[in-house]
1. Could you tell me whether N323 is of a type outside the set (D, E), under 30 Å from F393 (Cα atoms) and within 26 Å of the chain's Cα centre (by Cα)?
2. Please name all residue pairs, on different chains or six or more residues apart, with Cβ atoms under 7 Å, provided the first residue is in the stretch 439-463 and is closer than 18 Å to K559 by Cα and the second residue is polar (S, T, N, Q) and part of a loop (DSSP other than H, G, I, E, B).
3. Among the numbered conditions (1) open to solvent by 50 Å² or more (accessible area, probe 1.4 Å); (2) within 30 Å of F109 (Cα to Cα), tell me where T163 comes up short.
4. Checking I316 against (1) in the same structural domain as R536 (by the TED database); (2) within 29 Å of I545 (Cα to Cα); (3) outside any loop (DSSP other than H, G, I, E, B), which single condition isn't satisfied?
5. Sort out which residues of the stretch 283-329 are over 30 Å from T263 (Cβ atoms), open to solvent by 20 Å² or more (accessible area, probe 1.4 Å) and either touching an Asp or Glu at 6+ places or on another chain (Cβ under 7 Å) or aromatic (F, W, Y) (or both), and write them in order of number.
6. G158 fails exactly one of the following numbered conditions: (1) buried (at least 18 other Cβ atoms within 10 Å of the Cβ); (2) without any contact (Cβ under 8 Å) to a residue 60 or more places away in the chain; (3) not assigned by the TED database to the domain that holds N295. What is the number of that condition?
7. With the condition kept exactly as written, say whether any residue in the stretch 404-422 is among the aromatic types (F, W, Y) and closer than 27 Å to P487 by Cβ.
Amino acid sequence: MFGLEKPAGQQKPGRSGGVPKMASVGDFNVLSSSIPATKVELSVSCRNLLDRDTFSKSDPICVLYTQAIGNKEWREFGRTEVIDNTLNPDFVRKFIIDYFFEERENLRFDFYDVDSKSPNLSKHDFLGQMFCTLGEIVGSQGSRLEKPIVGIPGKKCGTVIVTAEELGCCRDSVLMQFCANKLDKKDFFGKSDPFLVFHRSNEDGSFTICHKTEVVKNTLNPVWQAFKISVRALCNGDYDRTIKVEVYDWDRDGSHDFIGEFTTSYRELSRGQSQFNVYEVINPKKKGKKKKYVNSGTVTLLSFLIETEVSFLDYIKGGTQINFTVAIDFTASNGNPSQPTSLHYMNPYQLNAYGMALRAVGEIIQDYDSDKMFPALGFGARLPPDGRVSHEFALNGNPQNPYCHGIDGVMEAYYRSLKSVQLYGPTNFAPVINHVARYAASVKDGSQYFVLLIITDGVISDMAQTKESIVNASKLPMSIIIVGVGPAEFDAMEELDGDVVRISSRGRFAERDIVQFVPFRDYIDRSGNHVLSMARLAKDVLAEIPEQFLSYMRVRGIKPSPAPPPYTPPIHVLQTQI
């Protein structure tokens with residue numbers, strides 16, 4: 001995870017009691033939006049751990065570490081309980097961790113045989129460790145990852161099984177409706193124009209605004225429209241956390257008059273319409289001044305309905321694969337690859353901008369693609385042997401099978417292409433978009449979703465055709481990420497992004513927004529910390545993918561496939577010596 005480093009926040013248990021119920025993490029991430037990511041619960045089991053005890057079996061504990069992105073420092077996140085005398089533990093204590101699709105969250109699981117009550121891990125026998133990313137766990141079939149435990153040379157250390165389960169409270173939304181009675185009259189010539197403002201409380205006692213109702217004009221007894229809000233936004237999944245509601249009288253000039261306030265909680269609201277959900281609106285100033293002050297009116301909850309949203313993770317867990325294709329700009333405007341000024345310069349000591357962008361985005365997406373085989377295309381080059389210009393060629397030189405193994409395979413094919421093709425032009429996007437669209441059009445059942453990453457230095461030559469391709473692709477299970485490298489003006493790319501004005505072609509508008517554009521230069525870290533700047537790049541280009549994915553599934557009415565049945569560890573029969 002990245003941004004705010006996670007407070008370990010846990011006591012460090014040995015076998016002595018006083019261990020917190022669950023390992024958990026700080027809820028807010030500085031660089032993400034104010035609504036935290038969804039939370040997943042990690043369960044850990046091991047099989048065939050090393051036996052370190054002479055007269056009995058090991059007494060294992062699992063310690064989870066997370067990694068800060070900038071300095072790569074590992075921090076302890078939490079510990080499971082100790083289970084006595086077993087080489088096949090199924091740990092009961094879970095780790096609850098924030099999940100962001102768009103971030104690479106590195107995890108390390110260390111295993112120890114606990115020999116005393118000391119919380120100091122160096123006092124216990126090391127049994128090995130396992131490294132992975134949170135995306136790798138979530139992206140595995142059934143969100144269940146099984147990997148060998150490593151770390152002790154020459155020894156088989158057994159295997160670890162980590163299962164991820166999305167916490168239900170993160171996906172619930174509530175539909176609520178309120179009315180009010182006898183609110184204070186605030187306007188000289190008419191009645192009040194009341195509206196409600198909802199705030200959730202934060203860990204430090206401060207409040208964050210999470211919803212405003214519409215204004216109901218000229219009444220002291222308003223009935224507001226029902227509204228929908230996620231439970232995460234309302235109370236961050238904590239049912240007893242204070243929710244503060246303020247009542248205001250709207251004024252045209254923005255100086256809205258405060259009528260009063262009340263507090264409640266998700267748990268109280270969930271009782272629905274009842275005498276418990278009629279709230280007195282109190283104005284503390286008036287209460288302090290007037291002895292006979294009773295209240296400034298009442299607000300009543302009319303209805304409360306919980307709806308469970310299907311989430312991105314439901315589809316991933318049900319087996320939907322994310323297919324990643326990369327397309328690289330080989331036009332002459334990039335500069336001669338043998339010159340240090342070229343955007344394609346092959347510096348032996350560091351990645352060029354194309355390599356950095358490719359790795360930053362690809363390393364996250366590859367966790368969601370089970371076979372790790374990625375088609376890699378180039379456009380705008382003259383190909384050997386005859387010098388014909390192509391806007392859709394395989395980087396590995398094999399048009400029948402343009403797949404490369406993993407991001408490393410894509411990088412290798414990219415460097416090989418640079419040595420064999422001649423940079424040329426023009427800059428045409430439509431052929432590579434149509435290439436991926438052909439595949440996406442053949443699987444519209446929700447089992448696959450396609451992400452095309454285009455890395456380009458710039459000015460697009462086939463704008464009309466590209467717009468047409470994007471409008472057509474917006475009906476398909478695909479998203480397009482464009483990373484612009486170099487100093488060019490990228491105005492045309494902003495137009496393709498469609499965040500401000502929905503893209504259209506010949507009078508037809510895109511069914512949904514599927515393009516995300518970012519200029520690479522916004523992420524060049526002046527301090528030279530490429531790790532942090534590439535993490536920010538990946539975050540910004542990938543953050544919209546889950547919502548674009550869900551918008552396709554919703555429009556098509558595609559529900560997630562049921563997840564495979566949960567893993568039940570085999571029962572080990574204890575063999576007794578006769």
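The values are calculated or read from the model by the stated rules, or taken from the named source; none is laboratory data. From a predicted model like this one, the values you see are computed outputs, not experimental measurements. Cβ: placed from backbone, ideal geometry, glycine included. Neighbour counts: every protein chain shown. Protein only, heavy atoms only, side chains kept; ligands, DNA and RNA dropped before computing areas. Shrake-Rupley method; radii C 1.70, N 1.55, O 1.52, S 1.80 Å.
1. Working: of a type outside the set (D, E): yes; under 30 Å from F393 (Cα atoms): yes; within 26 Å of the chain's Cα centre (by Cα): yes.
It is true that N323 is of a type outside the set (D, E), under 30 Å from F393 (Cα atoms) and within 26 Å of the chain's Cα centre (by Cα).
2. G446/T320; S447/T320; Q448/T320; Y449/T320
3. Among (1) open to solvent by 50 Å² or more (accessible area, probe 1.4 Å); (2) within 30 Å of F109 (Cα to Cα), T163 violates only (1).
4. Of everything listed in (1) in the same structural domain as R536 (by the TED database); (2) within 29 Å of I545 (Cα to Cα); (3) outside any loop (DSSP other than H, G, I, E, B), I316 misses just condition (1).
5. Those that are over 30 Å from T263 (Cβ atoms), open to solvent by 20 Å² or more (accessible area, probe 1.4 Å) and either touching an Asp or Glu at 6+ places or on another chain (Cβ under 7 Å) or aromatic (F, W, Y) (or both): Q321, N323.
6. Among (1) buried (at least 18 other Cβ atoms within 10 Å of the Cβ); (2) without any contact (Cβ under 8 Å) to a residue 60 or more places away in the chain; (3) not assigned by the TED database to the domain that holds N295, the lone unmet condition for G158 is (2).
7. From the stretch 404-422, those among the aromatic types (F, W, Y) are 414-415; that's our starting set.
Narrowing further to those that are closer than 27 Å to P487 by Cβ: 414-415.
Among the residues of the stretch 404-422, at least one is among the aromatic types (F, W, Y) and closer than 27 Å to P487 by Cβ, which makes the answer yes.
Residue by residue, here is whether (1) buried (at least 20 other Cβ atoms within 10 Å of the Cβ); (2) in a loop (DSSP other than H, G, I, E, B) holds:
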| residue | (1), (2) |
| --- | --- |
| G446 | yes, yes |
| L452 | yes, no |
| R521 | no, no |
| D525 | no, yes |
| V531 | no, no |
| V541 | yes, no |
